[in-house]
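Below is one structure, written out as structure tokens; the observations come after it.
The values are calculated or read from the model by the stated rules, or taken from the named source; none is laboratory data. Quick caveat, the model's predicted, so the values are computed rather than measured. We place every Cβ from the backbone using ideal geometry, glycine too, and count neighbours over all the protein chains shown.
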Amino acid sequence: MGYQHTQHGYVILIALIAISVLYAFILTQTGWNLFILFIMALILFTLASFSTLQVIVDENHLRIKFGYGIFQKKFPLNDIAFVKKVRNRWYYGWGIRVGFWPYMWIYNVSGFDAIEMVMKNGKRYRIGTDQPGELEQAILQSIQ
């Protein structure tokens, strides 16, 4: 059974639009300095790369991809010990984060719902999703 879903980070998209408008205003007031334009473009490019999170479960791997694919990660399904639905705390933030209690990597773009995977080597990962039940079931069916 396969699973594929893309979650959109609407707050990030709104921030991207607002910052673009702000940058356009700044450039019209200060002139077109090439260095400043490069820095602004880099910031917008980075923001855009975290505007969506695609999760794919196939026969062998769980794959995640942020935005247009600058950051991707895959997890072998046979390395997953267990998975469960969880709710992230507000201070975990969005993007790619490290949680320290317990130590885990967190990947999300919006909201607080997620699945938590514990690997056979003890490492923990949380993947944010707006379909936690469906993603949990897809992983459980794939690892059994």
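A few notes on this one:
- Whenever a residue of the range 1-29 is farther than 30 Å from Ile115 by Cβ, its partners that are part of a helix (DSSP H, G or I), lying with C-beta atoms within less than 6 angstrom and at least six residues away or across chains, give the pairs Tyr23/Met40.
This table checks each residue for (1) at negative phi; (2) of a type in the set (A, V, I, L, M); (3) out of contact with any Gly (no Cβ under 7 Å at 6 or more places or on another chain).
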position	(1), (2), (3)
Ile64	yes, yes, yes
Gly69	no, no, yes
Ile80	yes, yes, yes
Tyr91	yes, no, yes
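- Arg89 being crowded, with 16+ Cβ neighbours inside 10 Å, among the basic types (Lys, Arg) and more than 20 Å from Ile139 (Cβ to Cβ): no
- Unique residue being charged (D, E, K, R), farther than 22 Å from Thr52 by Cα and over 13 Å from the mean Cα position of the chain (by Cα) when the list is Lys120, Lys85: Lys120
- The condition of being part of a helix (DSSP H, G or I) and either surrounded by 14 or more Cβ atoms within 10 Å (Cβ to Cβ) or at pLDDT 95 or above (or both) holds for Glu134.
- Whichever residue in the range 58-86 is out of contact with any Phe, Trp or Tyr (no Cβ under 9 Å at 6 or more places or on another chain) and free of Cβ contacts under 8 Å to residues at least 40 places away in the same chain and, among such residues, is farthest from Leu140 (Cα to Cα): Tyr68
- The sole residue among Thr52, Thr46 that is without any contact (Cβ under 8 Å) to a residue 60 or more places away in the chain and in contact with a His (Cβ under 7 Å, 6 or more places away or on another chain) is Thr52.
- Among residues of the range 100-126 that are within 23 Å of Gly9 (Cβ to Cβ), those with a beta-carbon under 7 Å from a residue that is polar (S, T, N, Q) and assigned to a strand (DSSP E or B) at least six positions away or on a different chain give the pairs Val109/Gln7; Val109/Thr52; Ser110/Gln7; Ala114/Asn108.
- If you go through the range 1-29 and keep only what is loosely packed, with under 11 Cβ neighbours inside 10 Å and in contact with a helix residue (DSSP H, G or I) (Cβ under 7 Å, 6 or more places away or on another chain), you end up with just Met1.
For (1) small (Gly, Ala, Ser); (2) modelled with pLDDT of 95 or more, each residue gets a yes or a no:
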| residue | (1), (2) |
| --- | --- |
| Gln4 | no, yes |
| Thr30 | no, no |
| Leu44 | no, no |
| Lys65 | no, yes |
| Pro76 | no, yes |
| Gly93 | yes, no |
| Tyr107 | no, yes |
| Asp113 | no, yes |
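- A residue that is surrounded by 14 or more Cβ atoms within 10 Å (Cβ to Cβ), closer than 21 Å to Glu136 by Cα and in contact with a Gly (Cβ under 8 Å, 6 or more places away or on another chain) can be found somewhere in the range 45-52.
Listed here are the residues, each with its yes/no results for (1) at pLDDT 95 or above; (2) buried (at least 18 other Cβ atoms within 10 Å of the Cβ); (3) in contact with an Asp or Glu (Cβ under 8 Å, 6 or more places away or on another chain).
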| site | (1), (2), (3) |
| --- | --- |
| Ile36 | no, no, no |
| Val55 | yes, yes, no |
| His61 | yes, no, no |
| Arg97 | no, no, no |
| Tyr103 | no, no, no |
| Ser142 | no, yes, yes |
